[in-house]
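The values are calculated or read from the model by the stated rules, or taken from the named source; none is laboratory data. Keep in mind the model is a prediction, meaning the values are calculated, not measured. Cβ atoms come from the backbone with ideal geometry, glycine included; neighbour counts cover every protein chain shown.
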Amino acid sequence: MGGYLPENHLSAFITVDVLFSQEIGQSRRKFDGTTEYIISSLQSTISISCYGNNSLAIATKLKTLLQSSNALSALKAMNAGIVSFSDVRNLTATVGADYEERGQFDCVISHHHIVATPLDPIKQVDHYTNQSIQQTIKGAI
């Protein structure tokens, strides 16, 4: 997270940040005749922070709700799944003359990242041998 952040006037809020993503294995490719799909399997670590009154209790409740059947079904519909959670951490801090309640936990999610790119078919190939014989192959390859 970086850059300009506007002033926040909310008394309580939740932030969700991707800390990092790690590729699992090698990307694979699919081709349907016009488009190539590059599919990467990833594990991403997500940081979820709750700010405001009762933030520690809210973070604990949110962590529990993310393990509900509805949440798991929604993730499954997106070809994603929860791998693990960290413990909920109490990060309450003194800010100015007051204190700010904060609860935070991390969630590791497995998911696919898919990039589609157009790929024109090869219509002609020139093939050369060691004896400098040239052969042109035409048609759909």
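Values computed for the structure shown
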| item | result |
| --- | --- |
| Which numbered condition GLU101 fails, given (1) surrounded by 12 or more Cβ atoms within 10 Å (Cβ to Cβ); (2) under 30 Å from SER41 (Cβ atoms); (3) at pLDDT below 95 | (2) |
| Residue that is farthest from HIS111 (Cα to Cα), among those in region 22-42 that are touching a residue at least 40 places away in the same chain (Cβ under 8 Å) and in contact with a His (Cβ under 9 Å, 6 or more places away or on another chain) | ILE38 |
| Answer from ILE122, ILE48, ILE114, ILE82 - the residue that is buried (at least 17 other Cβ atoms within 10 Å of the Cβ) and not polar (S, T, N, Q) | ILE48 |
